[in-house]
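The values are calculated or read from the model by the stated rules, or taken from the named source; none is laboratory data. From a predicted model like this one, the values you see are computed outputs, not experimental measurements. Note: ideal-geometry Cβ built from the backbone for every residue, glycine included; neighbour counts use all protein chains shown. For the accessible areas, the whole protein counts, side chains as well, though only heavy atoms, and no ligand, DNA or RNA atoms are used. Shrake-Rupley method; radii C 1.70, N 1.55, O 1.52, S 1.80 Å.
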Amino acid sequence: MATVKVSEAEKVYILHGIRDDLRVDGRGCEDYRHVEIETDVVSNTDGSAKVTLGDTAVLVGIKADIGKPRPMVPNEGYLEFFVDCSANATPEFEGRGGEELGTELSNTLYKVFNNKHSVDLKSLCISAGEHCWVLYVDVLLLQCDGNLYDAISVAIKAALFNTKIPKVHISADEEGAKEIELSDDPYDCMRLDVENVPCIVTLCKVGHRHVVDVTLQEKACSVASLIISVTHTGTVTCTRKLGGGSLDPESIFEMTEAGKRVGKALHAPLMKLLRQEESLGKTRQKVGFLG
């Protein structure tokens, strides 16, 4: 994970500010930095999104491919995750420096998103036990300034909303073997229902309080973090503790309640923004480095 060195005087300044619910950049303990979201930014994918959260930037591309269902769930498709930590994000990712973080992020994303409570995996089934859609989700970290999990989860939800999967027509040849034909019409496609797709909220224990959307400087003052994936109804689907410090049961309960509150409030404006952007169609002005 990208880190920065903070002096003792800076730590005291940050801790005292958080104690009084006034962070260095003027935010409260449960406030996010400015978020920018842009979908349909990579032309050779079935769905894509770029999210900028403060100075953290993430690009997500999704490719849909036909594969074989897993034996335990023959009537469901599945998602595969790959996270690439670009050396441009931080010098610590140079060489193989980002591999461990990439694996850690991929494993967590798999637990959060690849289940029936997040995505309707049965809608990805083409022919039970024989063919299904596999969604390959590629995540590229472009800039790193803390709170990677939250930025990535928002980008994945936006990319899944943007994903268009071709309609499949199954026919049988003279010998009875099944043939799969994909529709060439770009408008004849299947869209995913992303209403239940959770967003991750990361809460860091700094001093005696917990904060969301920490910067690298605030992260350096934190003893431990709790990541919580929350649906639009406030249901917690996954939790995980990060960091070497300990969390007492009371802190975990308070952080979970705060995560549910913040996560639930995050979904409605996110979905509203995605629907507004899609309604613009080709008239939408593309911004950023991919414009």
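Quick one: which residue in Leu135, Leu101 is crowded, with 17+ Cβ neighbours inside 10 Å, touching a strand residue (DSSP E or B) at 6+ places or on another chain (Cβ under 6 Å), in contact (Cβ under 8 Å) with a residue 12 or more places away in the chain and over 21 Å from Pro198 (Cα atoms)? If you could, list the steps in order and put the result at the bottom.
Values: Leu135 fails: over 21 Å from Pro198 (Cα atoms).
Result: Leu101 is the single residue among Leu135, Leu101 that is crowded, with 17+ Cβ neighbours inside 10 Å, touching a strand residue (DSSP E or B) at 6+ places or on another chain (Cβ under 6 Å), in contact (Cβ under 8 Å) with a residue 12 or more places away in the chain and over 21 Å from Pro198 (Cα atoms).
Being open to solvent by less than 40 Å² (accessible area, probe 1.4 Å) and among the hydroxyl-bearing types (Ser, Thr, Tyr) is the filter; apply it to region 248-280 and report the residue that is nearest to Arg33 (Cα to Cα).
Thr256
Name the single residue that is nearest to Leu160 (Cα to Cα) among those in region 31-74 being aliphatic (A, V, I, L, M) and in contact with a Gly (Cβ under 7 Å, 6 or more places away or on another chain).
So the first thing to find is which residues in region 31-74 are aliphatic (A, V, I, L, M), and the list is 35, 37, 41-42, 49, 51, 53, 57-60, 62, 64, 66, 72-73.
Still in the list and also in contact with a Gly (Cβ under 7 Å, 6 or more places away or on another chain): 42, 62.
Numbers: Val42: 13, Ile62: 8 Å.
Ranking the candidates gives Ile62 first.
Could you check region 52-98 and list, in sequence order, the residues that are of a type in the set (A, V, I, L, M, F, W, C), surrounded by fewer than 19 Cβ atoms within 10 Å (Cβ to Cβ) and in contact with a Phe, Trp or Tyr (Cβ under 9 Å, 6 or more places away or on another chain)?
Once the filter is applied, which keeps residues that are of a type in the set (A, V, I, L, M, F, W, C), surrounded by fewer than 19 Cβ atoms within 10 Å (Cβ to Cβ) and in contact with a Phe, Trp or Tyr (Cβ under 9 Å, 6 or more places away or on another chain), region 52-98 yields Ile66, Phe82, Ala87.
Going by the structure shown, is Tyr110 touching a Leu at 6+ places or on another chain (Cβ under 9 Å), of a type in the set (Ser, Thr, Tyr) and not in a helix (DSSP H, G or I)? Give the derivation first.
Values: touching a Leu at 6+ places or on another chain (Cβ under 9 Å): yes; of a type in the set (Ser, Thr, Tyr): yes; not in a helix (DSSP H, G or I): no.
Against the criterion (touching a Leu at 6+ places or on another chain (Cβ under 9 Å), of a type in the set (Ser, Thr, Tyr) and not in a helix (DSSP H, G or I)), Tyr110 does not qualify.
Looking at region 80-97, can you tell me whether even one residue there is under 22 Å from His232 (Cα atoms) and over 15 Å from the mean Cα position of the chain (by Cα)?
Taking every residue of region 80-97 in turn, none turns out to be under 22 Å from His232 (Cα atoms) and over 15 Å from the mean Cα position of the chain (by Cα).
Test of understanding: among Ile170, Ile165, Ile152, which residue is assigned to a helix (DSSP H, G or I), of a type in the set (Val, Ile, Thr) and either in contact (Cβ under 8 Å) with a residue 40 or more places away in the chain or in contact with a His (Cβ under 9 Å, 6 or more places away or on another chain) (or both)?
Going through Ile170, Ile165, Ile152 in turn, the sole match is Ile152.
Identify, please: which residue in region 215-233 is in a helix (DSSP H, G or I) and open to solvent by 10 Å² or more (accessible area, probe 1.4 Å) and is, among those, nearest to Gly259 (Cα to Cα)?
Ranking the candidates gives Lys219 first.
Can you go through Ile165, Ile156, Ile152 and tell me which one is on the phi < 0 side of the Ramachandran plot, of a type in the set (A, V, I, L, M, F, W, C), touching a Cys at 6+ places or on another chain (Cβ under 8 Å) and open to solvent by less than 10 Å² (accessible area, probe 1.4 Å)?
One residue alone meets the criteria, Ile165.
Note down all Cβ pairs under 6 Å where the first residue falls in region 236-264 and is part of a loop (DSSP other than H, G, I, E, B), the second is open to solvent by 50 Å² or more (accessible area, probe 1.4 Å), and they're at least six residues apart or on different chains.
From residues that are part of a loop (DSSP other than H, G, I, E, B), the pairs are Gly245/Val223.
Picking from Cys204, Cys199, Cys189, which residue would you name as being touching a Leu at 6+ places or on another chain (Cβ under 7 Å) and either among the acidic types (Asp, Glu) or open to solvent by less than 60 Å² (accessible area, probe 1.4 Å) (or both)? Walk me through it before giving the result.
On the way: Cys204 fails: touching a Leu at 6+ places or on another chain (Cβ under 7 Å); Cys189 fails: touching a Leu at 6+ places or on another chain (Cβ under 7 Å).
Answer to the check: Cys199.
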